[in-house]
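Scroll down for the structure; my scribbles are underneath it.
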2 protein chains.
Amino acid sequence: MSQRRSETTPTRRRGAALENAIIDAAWEVLIEQGYNGLTFEAVAARAGTSKPVLYRRWPRREDLLLATIARHWRPLDIPDTGSLRQDALTFLRAVNAERARTLILLRIQLADYFRETGTTFSDLRRRLRSADQTPPLATLVARAIERGELADVPRSERVVNLPFDLVRHDMLMSMEAVPDETIVEIVDTVWLPLLGLSPHGAQAGH
Amino acid sequence: MSQRRSETTPTRRRGAALENAIIDAAWEVLIEQGYNGLTFEAVAARAGTSKPVLYRRWPRREDLLLATIARHWRPLDIPDTGSLRQDALTFLRAVNAERARTLILLRIQLADYFRETGTTFSDLRRRLRSADQTPPLATLVARAIERGELADVPRSERVVNLPFDLVRHDMLMSMEAVPDETIVEIVDTVWLPLLGLSPHGAQAGH
DNA sequence: ATCATAAGATACGCACGAGTATCTTATGAC
DNA sequence: GTCATAAGATACTCGTGCGTATCTTATGAT
């Protein structure tokens with residue numbers, strides 16, 4: 001339902017309150033209608049304001065789009081549970097949670113934007129990150145090596161990042177959350193064996 | 001350049017010649033402009049014809065879209081080189097070749113269509129396939145077991161289909177062909193070890 | 001030669017959204 | 001209380017495409 005002011009309280013929003021309402025509206029429209037549905041008209045209506053208000057702040061659609069995404073882009077915490085398996089499961093479940101999943105699915109939601117601008121999802125990620133970051137799974141593996149849980153041998157990035165790539169693959173194919181059993185299977189029957197670990201001591205994944 | 005007839009040869013196309021020209025034009029527009037760019041106006045212009053000609057054959061945009069995809073949907077041959085590794089490399093390289101890759105990337109090109117219709121890429125695949133098919137990698141693994149190259153033990157679908165999922169993941173992320181070294185790495189450092197094989201006897205991948 | 005069919009061209013009314021102009025008036029600084 | 005600023009509303013021109021109506025005429029069957 002529109003946040004348009006009711007007639008009995010003709011209060012005009014200003015500053016951060018107004019801009020937050022617009023950015024929130026833009027995010028909702030983007031997620032529900034995709035990039036092509038993200039129009040000034042639709043966002044203004046959803047935010048209960050009017051087009052000149054948006055044009056004054058974001059003269060181009062790309063400006064509005066990037067401001068919207070930047071507001072919702074937050075890196076995930078990297079877990080430290082004491083066990084590589086538990087670290088990986090915790091992290092992948094966080095990736096699969098609604099907020100993080102939605103950001104991954106931007107790869108698809110913004111396909112027309114990438115084509116139109118000749119940019120890529122990686123370009124967008126680089127633009128939004130303050131600095132280069134170690135991939136989270138590389139950090140988890142490094143900690144496991146420190147704990148003596150894993151042998152300190154060279155491993156390809158492909159193998160280290162494997163569970164994240166597989167979870168992301170399933171998300172991109174289904175556009176939905178990945179079942180928890182799938183996350184457990186990926187870690188237990190694919191990743192840990194490849195790393196030279198067995199899930200022998202694994203407890204129930206819940 | 002449009003296939004519109006030159007004035008010196010005012011020949012009107014009919015039947016298959018006309019329909020093939022339209023479907024070819026539709027495919028080009030779809031691949032270049034995405035689903036939203038696939039308009040009757042754009043396709044008619046590209047095909048060198050006019051909108052009534054399209055509307056007479058395909059009254060709805062979805063009709064035109066599905067006819068276009070059906071014309072280009074062809075299953076890949078499953079290789080039989082005598083070696084699981086070589087079978088997998090050959091198959092994945094075919095997947096990575098332009099025609100097959102383009103069909104995989106429809107997952108992204110048609111994102112707005114799927115959202116609008118509440119359907120999925122899997123629905124589309126089911127609709128286009130004459131019958132349920134064994135996933136190609138399952139066939140390759142079955143043949144390796146028959147040759148005695150692999151132990152005959154139960155294996156999860158996840159593990160069997162892994163290299164295809166990883167190649168597809170990289171394609172969806174980059175919207176481009178996957179480097180050949182990546183395909184070799186996926187087979188040699190991820191898949192074969194998981195299956196209990198070593199690429200020891202592996203020759204150069206070319 | 002005749003003729004039914006349909007290709008191709010063009011125009012039309014309509015819907016939708018971009019982007020801007022214009023207006024009223026709420027609002028917060030002073 | 002005054003006043004500059006901008007929120008919100010509304011209207012406008014323009015561009016684009018939908019889907020259909022109308023027309024001319026090429027074409028292949030007869």
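The values are calculated or read from the model by the stated rules, or taken from the named source; none is laboratory data. None of these values were measured; they are calculated from a predicted model. Heads up, the Cβs are rebuilt from the backbone with ideal geometry, glycines too, and the neighbour counts pull from every protein chain shown. Ligands, DNA and RNA are excluded from the accessible area calculation, which covers all protein heavy atoms including side chains. Shrake-Rupley method; radii C 1.70, N 1.55, O 1.52, S 1.80 Å.
Summary table below
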{"quantity": "Of all accessible heavy-atom area on the protein assembly as shown, the percent that carbon and sulfur account for (1.4 Å)", "calculated": "50"}
{"quantity": "Integer Hz, Karplus 6.51/-1.76/1.60 couplings in order for the stretch A:175-187, x for Gly and Pro", "calculated": "6, 9, 5, 7, x, 4, 4, 5, 4, 4, 4, 4, 5"}
{"quantity": "Using a 7 Å Cα-to-Cβ projection, A:Ala94 label spacings across copies, nm, ascending", "calculated": "4.3"}
{"quantity": "Inter-copy label distances at B:Asp63 (7 Å, Cα→Cβ; nm, one decimal)", "calculated": "4.4"}
{"quantity": "Full-extension gain in nm, A:Arg74 to A:Arg125, via 0.36 nm per residue minus C-alpha separation", "calculated": "17.3 nm"}
{"quantity": "Minimum Cβ-to-axis distance in chain B for the rotation onto chain A, with residue, whole Å", "calculated": "B:His169, 2"}
{"quantity": "Over chain A: helical MRE at 222 nm, DSSP H runs n ≥ 4 each giving -39500 (n - 2.57), nearest 500", "calculated": "-17500 deg cm²/dmol"}
{"quantity": "Accessible area of the stretch A:13-121 divided out per residue, in Å², using a probe of 1.4 angstrom", "calculated": "43"}
{"quantity": "Simple label model, 7 Å out from Cα along Cβ direction - A:Leu18 to B:Tyr55, nm", "calculated": "4.4"}
{"quantity": "Per-residue HN-Hα couplings for the stretch B:106-119 [Karplus 6.51, -1.76, 1.60; θ = phi - 60°; Hz; x = Gly/Pro]", "calculated": "4, 3, 8, 4, 9, 4, 5, 4, 4, 5, 4, 9, x, 10"}
{"quantity": "Label geometry 7 Å along the beta-carbon vector: B:Val153 inter-copy distances in nm", "calculated": "1.8"}
{"quantity": "Amide H partners (placed H, <5 Å) of B:Leu38, local residues excluded", "calculated": "none"}
